[in-house]
Amino acid sequence: RGQRINRLVLAKDTVQKFILKRPADRIGLIAFAGRAYVAGPLTLDHPFLLANLDRLNFGGIEEGTAIGSGLIASVNRLRDLKSKSKIIILLTDGVNNAGKVPPLTAADVAQTLGIKCYTIGVGTRGEAPVPYTDQFGRRQQRMMPVDIDEDTLTKVSEKTGGKYFRADNSETLRRIFTEIDQLEKTTVEMKKFQR
């Protein structure tokens, strides 16, 4: 709406709309910064998943960007799933600088298990305001350099049969999710019983 918002608010809004468009899909949510954790297990209970998405905020876990850890956590959730299509949509605004698993190693594991990764680098080039908490507990913003490892994200997506996207504004990010939504359609027959 013409106002400046942070990347997390934008990502949450876009992911929410994506989830709502896929009512028949099992979807999970892995959040990562310095390490990765399951913010929402694979589920068809989308209201539960959306509530967990809404709870995500900056500062919940240690600082850093553990892209490889986020990928491995996602792969582990999808590993034993019996499904025609298994995909990971990886949203990041940085360079892998934390975690124990390199992103390309995680991509090798995903490729071996037949999991496709779409990677999205989110953020402007140069500098962007980043929220932090000062010594008095107040939320502040400071300008920080933005650096996205597009080379690694491209290799991760190519290795797994996905695609890399760059999103520097809200409209672009929404278009990317719409494109992924169109690429990952499958026809499924369902039996419904009603009493």
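The values are calculated or read from the model by the stated rules, or taken from the named source; none is laboratory data. Bear in mind the structure is a predicted one, so any value in this text is a computation, not a measurement. Glycine also receives a Cβ, built like all others from the backbone with ideal geometry; neighbour counts cover every protein chain displayed. Accessible surface is based on the protein model in full, side chains and every heavy atom, while ligands, DNA and RNA are left aside. Shrake-Rupley method; radii C 1.70, N 1.55, O 1.52, S 1.80 Å.
Regarding the range 51-67, can at least one residue be identified that is open to solvent by less than 80 Å² (accessible area, probe 1.4 Å), β-branched (V, I, T) and in contact with a strand residue (DSSP E or B) (Cβ under 6 Å, 6 or more places away or on another chain)? Steps first, answer last, please.
Initial filter on the range 51-67 (open to solvent by less than 80 Å² (accessible area, probe 1.4 Å)): 51-53, 56, 58-61, 64-67.
If we keep only those that are β-branched (V, I, T) too, we end up with 61, 65, 67.
Narrowing further to those that are in contact with a strand residue (DSSP E or B) (Cβ under 6 Å, 6 or more places away or on another chain): 67.
Yes.
Filter the range 129-152 for residues that are of a type in the set (A, V, I, L, M, F, W, C) and open to solvent by 70 Å² or more (accessible area, probe 1.4 Å); which is farthest from D168 (Cα to Cα)? Please lay out each step first, then the result.
Here is the first cut: in the range 129-152, the ones of a type in the set (A, V, I, L, M, F, W, C) are 130, 136, 143-144, 146, 148.
Subsequent filtering for residues that are open to solvent by 70 Å² or more (accessible area, probe 1.4 Å) retains 136, 143-144.
On the way: F136: 32, M143: 16, M144: 16 Å.
The extreme case among them is F136.
Exactly one of these conditions fails for Y118: (1) over 19 Å from the mean Cα position of the chain (by Cα); (2) modelled with pLDDT of 95 or more; (3) under 22 Å from E171 (Cβ atoms). Give me its number.
Of the numbered conditions (1) over 19 Å from the mean Cα position of the chain (by Cα); (2) modelled with pLDDT of 95 or more; (3) under 22 Å from E171 (Cβ atoms), the odd one out for Y118 is (1).
From the list L42, L29, L53, L49, pick out the single residue that is hydrophobic (A, V, I, L, M, F, W, C) and out of contact with any Gly (no Cβ under 6 Å at 6 or more places or on another chain).
None of the other options fit; the residue is L53.
Can you pull out every residue in the range 104-121 that is β-branched (V, I, T), open to solvent by less than 10 Å² (accessible area, probe 1.4 Å) and closer than 15 Å to T152 by Cβ?
We begin by selecting, within the range 104-121, every residue β-branched (V, I, T); these are 105, 109, 112, 115, 119-120.
If we keep only those that are open to solvent by less than 10 Å² (accessible area, probe 1.4 Å) as well, we get 115, 119-120.
If the condition is that a residue be β-branched (V, I, T), open to solvent by less than 10 Å² (accessible area, probe 1.4 Å) and closer than 15 Å to T152 by Cβ, then T119, I120 are the ones that fit.
How about the range 16-35: which of its residues are more than 22 Å from Q182 (Cα to Cα), aliphatic (A, V, I, L, M) and open to solvent by 30 Å² or more (accessible area, probe 1.4 Å)? Spell out how you get there, then give the answer.
Taking the range 16-35 as the starting set, the residues that turn out to be more than 22 Å from Q182 (Cα to Cα) are 30-35.
Then drop every residue that is not aliphatic (A, V, I, L, M), which leaves 30-31, 33.
Matches in the range 16-35: I30 only.
Answer yes or no as to whether A11 is part of a helix (DSSP H, G or I) and either basic (K, R) or modelled with pLDDT of 90 or more (or both).
Numbers: part of a helix (DSSP H, G or I): yes; either basic (K, R) or modelled with pLDDT of 90 or more (or both): no.
No, not satisfied.
Applying the selection to the range 169-195, what residues are polar (S, T, N, Q), surrounded by fewer than 13 Cβ atoms within 10 Å (Cβ to Cβ) and modelled with pLDDT of 70 or more?
Residues of the range 169-195 that are polar (S, T, N, Q), as a first pass: 169-170, 172, 178, 182, 186-187, 194.
Next, from what is left, pick out any that are surrounded by fewer than 13 Cβ atoms within 10 Å (Cβ to Cβ): 169, 182, 186-187, 194.
N169, Q182, Q194 - these are the residues of the range 169-195 that are polar (S, T, N, Q), surrounded by fewer than 13 Cβ atoms within 10 Å (Cβ to Cβ) and modelled with pLDDT of 70 or more.
Quickly run through the range 133-164 and pick out the residues that are in contact (Cβ under 8 Å) with a residue 40 or more places away in the chain and within 14 Å of F58 (Cβ to Cβ).
Taking the range 133-164 and keeping what is in contact (Cβ under 8 Å) with a residue 40 or more places away in the chain, we get 133, 146-149, 152-153, 155-157, 159-164.
T133 - this is the single residue of the range 133-164 that is in contact (Cβ under 8 Å) with a residue 40 or more places away in the chain and within 14 Å of F58 (Cβ to Cβ).
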